[in-house]
Amino acid sequence: MDWKALVPHTSKSIARSGEIIDREGGVLPGAMAIKYFPMAVERGQGSLVWDADGNRYIDFLTSAAVYNVGHCHPAVVEAVRDQVGRLQNYTIVYFYNDRPIRLAEELIRTMPGTFPKKATFAFSGSDGVDGAIRAARSFTGRRQVLAFRNSYHGMTTTSLSVTGIVGQAVKDRICPDPNVVFLEYPDPYRNSWGIDGYRDPEALTEAAMAAVEEAAATHRGDVAALLIEPAQGDGGMLFPPRSFMKALRELTEREGIVFIDEEVQTGLGRSGRWWAIEHDDVVPDLIVSAKALGGGLPLSAILGRAEILDSLPSPLLAYTHTGHAVNCAAAEATLAVIRAEALTEKAEEKGRRLADWFRERARRYPFIGDIRQRGLLMGVEIVSDRKTKAPDKAMALRISWAAWERGLLLITFGRDGNVLRLAPPLNIPEDLFVEALEMIDGALDDASSGRVSDEILAHLKGW
Ligand SMILES: Cc1ncc(COP(=O)(O)O)c(C=O)c1O
């Protein structure tokens, strides 16, 4: 990032961050990043972070939906300190350790369904998806995976092959996999069938299911898994009709396909329920979790039907650091905080207020095209014309920059990079929540009244 070119456009001091930015370019490959702002994060506490120059920000990104309980929650810090001083980890591949067992017992209790369950652990959403697909293929003896366009599942080889938002040509070169079928995710706002899915969810379900049924029939007897995000996160926070999720469950049951509920971004209270799929009243076979699970430490989990996870031969779920004691301690504390602070309820309440607030602003700003929200899973789509719904990435980036300038971390995502991504900690205090709304108000005004220079846009890579 050419941070020096941005200096004339910001009132902040960014020189110390700038030094770090310059050093990064020399040693870290660009493929590791999709950069937004010229800031190096130095400190985090609760809903706030500070950069290397001492600038303060309210965090509406939470490191990509990681800090559901906020930065450095005292209970998480204490659990990590306690564990790290006794035993960092000893591989459970060869011996035993209580920590991952306690966490598995705790996590299993959160999953709907009365069947016997188990859980397994690794480090990232990507490896969680890989493991779930390995387990589904092992259990069924089949190869094909039904996945969705514009989905994001990760950057390990298998998870990349089922990620829809990355171009097929790149995947064909890097990780060719003939056993993945991509289907259209039924976005109620904008879809290829021209259906208004808010007004007529059943018609949208019918259209989307026709394609799923066809794919299942084409590969009958060879479909191992259906992999779906219950809300498509990086696709722009899309919520499919509930009837679609139910129809998918019926189809997978009928065809003996493993239903993998990919909750890396949506899980652990953010949607107002433990798991976003609970809104759909659907019981999946496997859930993949990561991001918020470790409370800031790298941890993923696959939980679900014991018979599916048990179908993998040893050591196909073994990693040296699997069930890492410190990470599991942090996760156990995180789950306890979600319960003790009633964070699912808080997510529901704050999310509803945030959506209502945006609905009110939509009367003033015609570029607010769609407001999508369940709990604090939220996206606001920015368009240049409400009738044509033409995506306006430039306006979304202007709002994002103006928010940053005012001290709020609010980035964009979505297939067209035009959706504002709102993901604060679930326990954001009221005063910071109100302050953030004021900042968004100012940012909408700055962006719409031409106070954000277009020169800035060339420097924000964005989705
Ligand atoms: C829905 C979803 N799945 C999987 C992943 C991959 O997780 P990780 O980056 O931890 O490997 C992400 C990351 O953004 C995600 O949003």
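Listed here are the residues, each with its yes/no results for (1) open to solvent by 10 Å² or more (accessible area, probe 1.4 Å); (2) β-branched (Val, Ile, Thr); (3) touching a residue at least 60 places away in the same chain (Cβ under 8 Å); (4) within 16 Å of the ligand (Cβ to nearest atom).
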site: Ser289; (1), (2), (3), (4): no, no, yes, yes
site: Ser300; (1), (2), (3), (4): no, no, yes, yes
site: Leu303; (1), (2), (3), (4): no, no, yes, yes
site: Glu307; (1), (2), (3), (4): yes, no, yes, no
site: Asp310; (1), (2), (3), (4): yes, no, yes, no
site: Leu343; (1), (2), (3), (4): no, no, yes, no
site: Glu349; (1), (2), (3), (4): yes, no, no, no
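Scanning segment 379-409 for residues that are among the hydrophobic types (A, V, I, L, M, F, W, C) and either in a helix (DSSP H, G or I) or touching a helix residue (DSSP H, G or I) at 6+ places or on another chain (Cβ under 6 Å) (or both) yields Val380, Ile382, Ala394, Met395, Ala396, Leu397, Ile399, Trp401, Ala402, Ala403, Trp404, Leu408.
Kindly check whether there is at least one residue in segment 121-129 that is surrounded by fewer than 20 Cβ atoms within 10 Å (Cβ to Cβ), free of Cβ contacts under 8 Å to residues at least 60 places away in the same chain and within 18 Å of Val326 (Cβ to Cβ).
As a first pass, look at segment 121-129 and keep what is surrounded by fewer than 20 Cβ atoms within 10 Å (Cβ to Cβ): 123-124.
After this cut, where a residue has to be free of Cβ contacts under 8 Å to residues at least 60 places away in the same chain as well, the list is none.
The answer is no; no qualifying residue exists.
Of note, Val84 satisfies the criterion of being in contact (Cβ under 8 Å) with a residue 40 or more places away in the chain, more than 16 Å from the ligand (Cβ to nearest atom) and in a helix (DSSP H, G or I).
Would you please name the residue that is farthest from the ligand (Cβ to nearest atom), looking only at residues in segment 233-271 that are at positive phi and open to solvent by less than 10 Å² (accessible area, probe 1.4 Å)? Lay out the reasoning, then the answer.
Filtering segment 233-271 down to residues at positive phi leaves 236-237, 256, 268-269.
If we keep only those that are open to solvent by less than 10 Å² (accessible area, probe 1.4 Å) as well, we get 236-237, 268-269.
On the way: Gly236: 12, Met237: 11, Leu268: 13, Gly269: 16 Å.
Checking each candidate, the answer is Gly269.
The rows are residues; the columns are (1) out of contact with any helix residue (DSSP H, G or I) (no Cβ under 8 Å at 6 or more places or on another chain); (2) assigned by TED's automatic domain parsing to the domain that holds Ser314; (3) under 23 Å from Asp416 (Cβ atoms).
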position: Ala135; (1), (2), (3): no, yes, no
position: Thr157; (1), (2), (3): no, yes, no
position: Gly167; (1), (2), (3): yes, yes, yes
position: Tyr185; (1), (2), (3): no, yes, yes
position: Trp193; (1), (2), (3): no, yes, yes
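Considering segment 221-232, the residues that are assigned to a loop (DSSP other than H, G, I, E, B) and within 15 Å of the ligand (Cβ to nearest atom) include one that is nearest to Leu61 (Cα to Cα), namely Ala231.
I'd like to know if segment 144-166 contains one or more residues that are open to solvent by 20 Å² or more (accessible area, probe 1.4 Å), modelled with pLDDT of 95 or more and more than 16 Å from the ligand (Cβ to nearest atom). Checked against the condition, which is being open to solvent by 20 Å² or more (accessible area, probe 1.4 Å), modelled with pLDDT of 95 or more and more than 16 Å from the ligand (Cβ to nearest atom), segment 144-166 yields no hits at all. Within segment 238-256, residues that are in a loop (DSSP other than H, G, I, E, B) sit with their Cβ atoms under 7 Å from residues that are open to solvent by less than 30 Å² (accessible area, probe 1.4 Å) and of a type in the set (D, E, K, R), at 6+ positions apart or across chains, in these pairs: Phe239/Arg372.
For Leu103, are the conditions met, namely being modelled with pLDDT of 95 or more, within 11 Å of the ligand (Cβ to nearest atom), open to solvent by less than 50 Å² (accessible area, probe 1.4 Å) and assigned to a helix (DSSP H, G or I)? Don't jump to the end; show me each part of the working.
Details: modelled with pLDDT of 95 or more: yes; within 11 Å of the ligand (Cβ to nearest atom): no; open to solvent by less than 50 Å² (accessible area, probe 1.4 Å): yes; assigned to a helix (DSSP H, G or I): yes.
Here the answer is no, as Leu103 does not meet what is asked.
Kindly evaluate Ser138 against the criterion of being among the hydroxyl-bearing types (Ser, Thr, Tyr) and open to solvent by 10 Å² or more (accessible area, probe 1.4 Å). Judged against the criteria, Ser138 is a match.
Scanning segment 196-206 for any residue that is more than 16 Å from the ligand (Cβ to nearest atom), assigned to a loop (DSSP other than H, G, I, E, B), crowded, with 22+ Cβ neighbours inside 10 Å and not aromatic (Phe, Trp, Tyr) turns up at least one such residue. Checked against (1) among the hydrophobic types (A, V, I, L, M, F, W, C); (2) within 15 Å of the ligand (Cβ to nearest atom); (3) touching a residue at least 60 places away in the same chain (Cβ under 8 Å), Cys175 passes all but condition (3). The residue that is farthest from Ala403 (Cα to Cα), among those in segment 19-53 that are open to solvent by less than 40 Å² (accessible area, probe 1.4 Å) and not in a loop (DSSP other than H, G, I, E, B), is Ile21.
Identify all residues within segment 367-378 that are in a strand (DSSP E or B) and more than 19 Å from Arg353 (Cβ to Cβ); write none if there are none.
Gly369
In the condition set (1) within 30 Å of Gly351 (Cβ to Cβ); (2) part of a loop (DSSP other than H, G, I, E, B); (3) within 16 Å of the ligand (Cβ to nearest atom), Val282 is compliant with all but (3).
Residues in segment 136-178 that are part of a helix (DSSP H, G or I), more than 16 Å from the chain's Cα centre (by Cα) and of a type outside the set (Ser, Thr, Tyr): Ala136, Arg137, Phe139, Gln168, Ala169, Val170, Lys171, Asp172, Arg173, Ile174.
The values are calculated or read from the model by the stated rules, or taken from the named source; none is laboratory data. For clarity, every value in this text was computed on a predicted model and none was experimentally measured. Here Cβ is always computed from backbone atoms with ideal geometry, including for glycine, and neighbour counts include all displayed protein chains. Accessible surface is based on the protein model in full, side chains and every heavy atom, while ligands, DNA and RNA are left aside. Shrake-Rupley method; radii C 1.70, N 1.55, O 1.52, S 1.80 Å.
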